[in-house]
1. In segment 209-229, is there at least one residue being closer than 30 Å to Ile117 by Cα and open to solvent by 50 Å² or more (accessible area, probe 1.4 Å)?
2. Restricting attention to segment 32-83, which residues are modelled with pLDDT of 95 or more and among the small types (Gly, Ala, Ser)?
3. Identify the single condition in (1) over 30 Å from Arg228 (Cβ atoms); (2) buried (at least 16 other Cβ atoms within 10 Å of the Cβ); (3) among the aliphatic types (A, V, I, L, M) that Leu71 does not satisfy, given that it satisfies every other one.
4. What is the one condition in (1) of a type outside the set (S, T, N, Q); (2) open to solvent by less than 60 Å² (accessible area, probe 1.4 Å); (3) part of a helix (DSSP H, G or I) that Val193 does not satisfy?
5. May I ask you to list the residues in segment 230-242 that are surrounded by fewer than 22 Cβ atoms within 10 Å (Cβ to Cβ) and either touching a helix residue (DSSP H, G or I) at 6+ places or on another chain (Cβ under 8 Å) or touching a residue at least 24 places away in the same chain (Cβ under 8 Å) (or both)?
6. So the check is Cβ under 6 Å with 6+ separation or different chains; which pairs have a first residue in segment 3-27 that's in contact (Cβ under 8 Å) with a residue 40 or more places away in the chain and open to solvent by 10 Å² or more (accessible area, probe 1.4 Å) and a second one that's part of a strand (DSSP E or B) and among the basic types (Lys, Arg)?
7. Among the residues of segment 262-289, which ones are touching a residue at least 60 places away in the same chain (Cβ under 8 Å), more than 24 Å from Leu89 (Cα to Cα) and either surrounded by 14 or more Cβ atoms within 10 Å (Cβ to Cβ) or among the aliphatic types (A, V, I, L, M) (or both)?
8. Starting from residues that are small (Gly, Ala, Ser) and at pLDDT 95 or above, keep the ones in segment 164-190 and report whichever is surrounded by the fewest Cβ atoms within 10 Å (Cβ to Cβ).
Amino acid sequence: MSKIWQISVPGSTANLGPGFDSIGLGLSLYLKLSVTLQEQWEIIHLDDNGPKEFELEEHLLYVIAKKTADLYGQQLPACRVEMASELPLARGLGSSAAVIVAGIELANQVCELGLTIQDKLNLSSQIEGHPDNATASVLGGLTISSMDDKGIVDTFHINDIDASFVVYVPDVELKTSESRSVLPEQFNRSYAVHASANANMLAASLMARDFERAGRYMEADLFHEPFRAKLIPAYEEIRMAAKSNGAYGTALSGAGPTLISIIPSAIAPDFVQLMTKQFPEHQIILTKADEHGIQVNECMKRLL
């Protein structure tokens, strides 16, 4: 008999406007792994959302799994990994964070590390450099987080987000490094106070589940969207159309180029149909908040 680990990690959206590098939301779009032990490493992508060609030592999943095992003084055994992802690369839907979280969980399972949730939050956020996407992939739901100088993460976690989300995925990639390069190095005090106030109001509105107010503050970011907007296809057009069709608000998903709207669930089918007609060049996906975060199932397979 051979053990199989089925690992599911939700993708995520980060920021939701002014919640820069601190607010994340797990989405019902998933990275899924099927892992078995074997004599040599093998990573198989079952879709187009992975590198076409790669060296094992450079594959992010392997790099993170090995790093995690090494950190805890364990030898990472060879695995066969089948990967399937609903998260397009470099589109602002947390694809890299999901792989990082999956790599940590792979090592946790096959090396029997016994990592706690806090361990996973800390390690994934340290590797990512900020806790927004990573915490949302670990926990699911809405996460509002900070990370101190020692890499310790403090997260406020909320489930039962009773709204729907629509993402608009353009057929272009945008690396986070490129998107960060257009941001100012500093703001003056009055500007920073205004930007921080908007972020505080966004967080409070989301915690209170006042999605109409949250939508207003999603569109009131001053930290990054005014500077990134020029990099985003149909940025203003999508925001305006979404609002006129009933969305609470629309913001960049992470660093972009994907945008995301929060909408009342009651209007979801009609809303998607209208937006699809108006923006046929985008892949438009209706989704909900994930409620579970990482999920792991073990089963046994009979060897023939």
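The values are calculated or read from the model by the stated rules, or taken from the named source; none is laboratory data. Note that this is a predicted model, so its numbers are computed, not measured. Cβ sites come from the backbone with ideal geometry, for glycine too, and all protein chains shown count toward neighbours. These accessible areas exclude ligands, DNA and RNA; they are computed on the full protein's heavy atoms, side chains included. Shrake-Rupley method; radii C 1.70, N 1.55, O 1.52, S 1.80 Å.
1. Within segment 209-229 (the criterion being closer than 30 Å to Ile117 by Cα and open to solvent by 50 Å² or more (accessible area, probe 1.4 Å)), the answer is yes, since at least one residue qualifies.
2. Ser34, Ala65, Ala69, Gly73, Ala78
3. (2)
4. (2)
5. Lys230, Leu231, Pro233, Ala234, Tyr235, Glu236, Glu237, Ala241
6. Ile4/Lys301; Ser8/Lys32
7. Ile263, Pro264, Ala268, Phe271 - these are the residues of segment 262-289 that are touching a residue at least 60 places away in the same chain (Cβ under 8 Å), more than 24 Å from Leu89 (Cα to Cα) and either surrounded by 14 or more Cβ atoms within 10 Å (Cβ to Cβ) or among the aliphatic types (A, V, I, L, M) (or both).
8. Among residues in segment 164-190 that are small (Gly, Ala, Ser) and at pLDDT 95 or above, the one surrounded by the fewest Cβ atoms within 10 Å (Cβ to Cβ) is Ser190.
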